[in-house]
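The values are calculated or read from the model by the stated rules, or taken from the named source; none is laboratory data. What you are looking at is a predicted structure, and each value in this text was computed from that prediction instead of being measured. Because the Cβ atoms are built from the backbone with ideal geometry, glycine has one as well, and the counts that use them run over all protein chains shown.
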Amino acid sequence: MKKLGLLFLITLAFTTLRAQNPTPNQIIPYDFQFYQKLNKSVYSQDNRVHSSIRGFYADDSNLSLRYDSLMNYGVDSLNRRSWVHRKLFKEHLLEFNSEDYKIYADFLPDFSIGREFEQGKTTWLNTRGFQVGGNVGKNFSFYLNGFENQGKFAKYYNDYVIQNQVVPGQGYGKLATETQDWAYVTALLSYTPSKYLNLALGYDKNFIGDGYRSMLLSDNASNYSFFRVRASVGNVQYQTIFAYMLDPGAPKLASDRRLGDRGKWMAAHYLDWNITNKFSVGLFQAVTWADAEVEGKRGFDFNYIHPFVFLRPIENTNTTSPDKMRLG
């Protein structure tokens with residue numbers, strides 16, 4: 001209880017900080033193709049965007065102009081097209097705006113078809129989805145999407161799905177037949193109490209790095225629950241992520257496929273320092289540990305709640321720890 005109380009006091013101390021110009025908080029859902037279109041502003045020598053910590057913020061002063069131009073591209077501001085055409089292809093299906101809040105909602109259907117010539121089989125993917133997002137005031141924003149999917153895949157891909165009982169990058173479902181059926185959900189709450197701090201609670205992925213794939217945290221994994229803290233002071237940005245994940249590849253503690261999956265916790269810290277407009281340095285540390293072992297349940301380890309990079313390796317207090325540490 002003392003540790004929980006200390007954590008509460010630390011969080012409270014941060015959230016009581018006030019500033020006239022709050023840090024941006026409207027996170028842009030990560031999509032590789034869309035983020036590539038932001039590169040002109042992200043890597044401009046006129047600013048120091050922390051490019052290796054993603055997702056970015058739509059209301060970041062360095063990115064807002066570029067983001068708005070992309071989102072408004074092709075919008076029929078003169079209403080030359082019909083209402084149906086604009087709502088289906090150019091605008092949000094539903095949108096509510098006021099001085100205090102903005103909320104939007106969309107229906108996201110998709111259908112694709114292909115051909116696997118080696119097996120002589122037709123492949124297809126049928127998706128029905130939705131997204132809801134918006135902000136309340138300047139300090140709080142939210143985003144939610146959900147998709148119901150059915151698909152028939154190429155043999156090599158379908159064999160992997162059946163063997164591992166998971167769709168890569170998506171999650172669980174009814175995956176024991178030639179036609180797969182699964183759902184996919186993303187959720188994120190973002191709160192910015194001061195110009196130095198952003199707090200996010202989500203069920204999503206995290207991306208670290210400037211390359212095609214994420215460093216440290218996979219961008220091809222299934223979504224996972226996490227609590228994320230970002231602190232920005234000058235040219236330094238610090239990010240801490242506490243996450244809970246499922247590990248379907250680990251030996252199960254129960255016979256049921258879902259309930260028997262081994263859970264694991266993660267505490268990851270990343271510090272990004274933009275030394276100049278052309279040069280930045282990143283330092284990271286992450287540790288993962290099992291939620292439960294054969295001997296019993298362990299749960300969240302509060303020894304890893306400290307936000308200091310490289311502190312754990314120099315402690316040397318537990319040389320037989322089974323926990324997995326990564327740093328660099």
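Among residues of segment 266-282 that are without any contact (Cβ under 8 Å) to a residue 12 or more places away in the chain, those with a Cβ under 9 angstrom from a residue that is acidic (Asp, Glu), sequence gap 6+ or separate chain, pair up as Val281/Asp272. Residues that are out of contact with any Phe, Trp or Tyr (no Cβ under 6 Å at 6 or more places or on another chain) and among the acidic types (Asp, Glu) within segment 208-239 comprise just one, Asp210.
Would you point out the residue of segment 27-65, among those that are basic (Lys, Arg) and out of contact with any strand residue (DSSP E or B) (no Cβ under 8 Å at 6 or more places or on another chain), that is farthest from Leu189 (Cα to Cα)?
Just the residues of segment 27-65 that are basic (Lys, Arg), to begin with: 37, 40, 48, 54.
Next cut, out of contact with any strand residue (DSSP E or B) (no Cβ under 8 Å at 6 or more places or on another chain) only: 37, 40.
Numbers: Lys37: 24, Lys40: 27 Å.
Top of the filtered list is Lys40.
If you go through segment 106-118 and keep only what is in contact (Cβ under 8 Å) with a residue 12 or more places away in the chain, touching a Ser or Thr at 6+ places or on another chain (Cβ under 9 Å), charged (D, E, K, R) and over 30 Å from Phe96 (Cα atoms), you end up with just Glu116. For the residues Asp247, Asp291, the requirement of being surrounded by fewer than 17 Cβ atoms within 10 Å (Cβ to Cβ), free of Cβ contacts under 8 Å to residues at least 60 places away in the same chain and within 14 Å of Lys324 (Cβ to Cβ) singles out Asp247. Taking residues in segment 195-213 that are outside any loop (DSSP other than H, G, I, E, B), and partners anywhere that are among the basic types (Lys, Arg) and buried (at least 18 other Cβ atoms within 10 Å of the Cβ), the pairs with Cβ atoms closer than 6 Å and at least 6 places apart or on different chains are Asn198/Arg230; Ala200/Arg228; Phe207/Arg54.
For segment 169-206, the set of residues classified as within 13 Å of Gly151 (Cα to Cα), of a type outside the set (Asp, Glu) and surrounded by fewer than 16 Cβ atoms within 10 Å (Cβ to Cβ) consists of Lys174, Ala176, Thr177, Thr179, Ala183, listed by residue number.
When segment 225-241 is filtered for residues that are more than 15 Å from Gly282 (Cα to Cα) and either crowded, with 20+ Cβ neighbours inside 10 Å or of a type in the set (Asp, Glu) (or both), the ones remaining, listed by number, are Phe226, Arg228, Ile241.
What do you reckon, is Tyr172 at pLDDT 90 or above and closer than 30 Å to Ile27 by Cα?
Values: at pLDDT 90 or above: no; closer than 30 Å to Ile27 by Cα: yes.
For Tyr172, the condition - at pLDDT 90 or above and closer than 30 Å to Ile27 by Cα - is not met.
Restricting segment 302-328 to residues that are among the polar types (S, T, N, Q) and within 17 Å of Thr288 (Cβ to Cβ), the residue that is modelled with the highest pLDDT is Asn303.
For the structure I just gave you, tell me whether Lys155 is modelled with pLDDT under 95 and touching an Asp or Glu at 6+ places or on another chain (Cβ under 6 Å). So that I can check it myself, show each step before the final result.
Details: modelled with pLDDT under 95: yes; touching an Asp or Glu at 6+ places or on another chain (Cβ under 6 Å): no.
No: the conditions fail for Lys155.
Let's see how each residue does on (1) basic (Lys, Arg); (2) more than 16 Å from the chain's Cα centre (by Cα); (3) at pLDDT 90 or above:
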| residue | (1), (2), (3) |
| --- | --- |
| Leu188 | no, no, yes |
| Tyr196 | no, yes, no |
| Lys205 | yes, no, yes |
| Tyr244 | no, no, yes |
| Ser255 | no, yes, no |
| His269 | no, no, yes |
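Applying the criterion of being buried (at least 17 other Cβ atoms within 10 Å of the Cβ) and within 24 Å of Asp59 (Cβ to Cβ) to the residues of segment 207-216, the residue that is farthest from the chain's Cα centre (by Cα) is Gly209. Of the residues contained in segment 189-212, one or more are found to be under 24 Å from Met266 (Cβ atoms), out of contact with any helix residue (DSSP H, G or I) (no Cβ under 6 Å at 6 or more places or on another chain) and among the acidic types (Asp, Glu). The number of residues in segment 119-165 that are touching a residue at least 60 places away in the same chain (Cβ under 8 Å) and assigned to a strand (DSSP E or B) comes to 5.
Among the residues of segment 236-255, is there at least one that is in contact with a Ser or Thr (Cβ under 6 Å, 6 or more places away or on another chain) and within 30 Å of Ser41 (Cα to Cα)? Give the steps one after another, and end with the answer.
Step one: of segment 236-255, the residues in contact with a Ser or Thr (Cβ under 6 Å, 6 or more places away or on another chain) are 244.
Then drop every residue that is not within 30 Å of Ser41 (Cα to Cα), which leaves none.
No: segment 236-255 contains no residue that is in contact with a Ser or Thr (Cβ under 6 Å, 6 or more places away or on another chain) and within 30 Å of Ser41 (Cα to Cα).
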